[in-house]
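Following this message is one structure expressed as structure tokens.
The values are calculated or read from the model by the stated rules, or taken from the named source; none is laboratory data. Keep in mind that this is a model prediction, so the values were computed, not measured. Positions of Cβ are generated from backbone atoms using ideal geometry, with glycine treated the same way; all protein chains shown enter the neighbour counts. Calculation scope for accessible area: heavy atoms of the full protein, side chains included, ligands and nucleic acids excluded. Shrake-Rupley method; radii C 1.70, N 1.55, O 1.52, S 1.80 Å.
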Amino acid sequence: PPQDGEFVGLSVSPDGKLIAYHSQSQTDGVLKQSLLRISAEGGQTVQLADIDCHSPHFSPDGRYLSCVSSDWKTISVVSATDGTVVKNFKPTEGSVLNTGVFWTPDGKSLAYIAYQQNAGNIYAQPVDGNATRKLTDFTSGEIYNLAFSHDGSQLYLARGYAVRNTVLIK
């Protein structure tokens with residue numbers, strides 16, 4: 001990997017053997033972005049693809065990675081073997097993809113945070129291309145992160161309310 005690069009958004013494969021991550025570096029004003037993979041035991045880094053693939057997350061079967069573009073306008077499903085982009089999706093309006101998109105435990109959908117009508121909720125995009133569906137129905141508050149239990153029976157949320165105070169000092 002480039003020595004001056006930025007390495008962000010790593011994910012460990014379900015079997016614990018691989019780590020995938022996004023890297024970006026700038027050389028002579030040119031930004032290079034890569035999706036990389038390395039053995040959890042160390043060794044040689046494998047470049048999967050020269051693509052804009054932030055916050056990768058392994059699918060439950062380890063065959064795919066989900067990731068988002070740096071402008072947060074595209075969700076991608078990428079082969080964890082060779083980096084081929086399998087599918088692209090446009091997220092729901094108001095989506096906040098800085099934590100990435102998470103695979104549901106059954107591997108059939110990608111879940112992410114979106115804000116509409118001043119409330120954060122979780123949306124699921126089926127990877128078969130069917131319509132996005134809303135998983136939660138909060139009417140206020142923010143969601144900062146999410147995780148599914150391994151058996152898929154529960155969805156955990158880091159959730160709260162922003163507190164902003166303004167003070168004028170003269």
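Looking only at the stretch 34-48, which residues are surrounded by fewer than 19 Cβ atoms within 10 Å (Cβ to Cβ) and part of a strand (DSSP E or B)?
Let us first name the residues in the stretch 34-48 that are surrounded by fewer than 19 Cβ atoms within 10 Å (Cβ to Cβ), namely 38-47.
The answer is ILE38, SER39, VAL46, GLN47.
Scan THR92, THR81, THR136, THR99 and give me the residue that is in a loop (DSSP other than H, G, I, E, B) and open to solvent by 50 Å² or more (accessible area, probe 1.4 Å).
Going through THR92, THR81, THR136, THR99 in turn, the sole match is THR81.
Answer with yes or no whether LEU31 is open to solvent by 50 Å² or more (accessible area, probe 1.4 Å), in contact (Cβ under 8 Å) with a residue 40 or more places away in the chain and of a type in the set (A, V, I, L, M, F, W, C).
So LEU31 does not fit the description; no.
Return the only residue of PRO14, PRO56 being under 11 Å from the mean Cα position of the chain (by Cα), closer than 30 Å to ASP151 by Cβ and touching a residue at least 40 places away in the same chain (Cβ under 8 Å).
Answer to the selection: PRO56.
Is there any pair linking a residue in the stretch 76-94 that is under 11 Å from CYS53 (Cα atoms) to one that is part of a loop (DSSP other than H, G, I, E, B) and open to solvent by 20 Å² or more (accessible area, probe 1.4 Å), with Cβ under 8 Å and at least six apart or on different chains, and which?
Sorted first by the residue in the stretch 76-94, then by its partner, the pairs are SER76/ILE51; VAL77/VAL127; VAL78/ILE51; VAL78/THR84; GLY83/ILE51; VAL85/ILE51.
Which of the residues that make up the stretch 57-73 are open to solvent by 90 Å² or more (accessible area, probe 1.4 Å), touching a Ser or Thr at 6+ places or on another chain (Cβ under 8 Å) and not aromatic (Phe, Trp, Tyr)?
ARG63, the sole residue that qualifies.
Another question about this same structure. Based on this model, can you work out whether LEU110 counts as at pLDDT below 95 and surrounded by 14 or more Cβ atoms within 10 Å (Cβ to Cβ)?
When the stated conditions are applied, LEU110 does not pass them.
A follow-up question, please. Has the stretch 145-155 got at least one residue that is within 15 Å of the chain's Cα centre (by Cα) and buried (at least 16 other Cβ atoms within 10 Å of the Cβ)?
Yes, the stretch 145-155 contains at least one residue that is within 15 Å of the chain's Cα centre (by Cα) and buried (at least 16 other Cβ atoms within 10 Å of the Cβ).
Of everything in the stretch 156-170 that's part of a loop (DSSP other than H, G, I, E, B) and hydroxyl-bearing (Ser, Thr, Tyr), which residue is surrounded by the most Cβ atoms within 10 Å (Cβ to Cβ)?
TYR161
Could you please let me know if TYR123 is within 22 Å of HIS22 (Cβ to Cβ) and either in contact with a helix residue (DSSP H, G or I) (Cβ under 6 Å, 6 or more places away or on another chain) or free of Cβ contacts under 8 Å to residues at least 60 places away in the same chain (or both)?
For TYR123, the condition - within 22 Å of HIS22 (Cβ to Cβ) and either in contact with a helix residue (DSSP H, G or I) (Cβ under 6 Å, 6 or more places away or on another chain) or free of Cβ contacts under 8 Å to residues at least 60 places away in the same chain (or both) - is not met.
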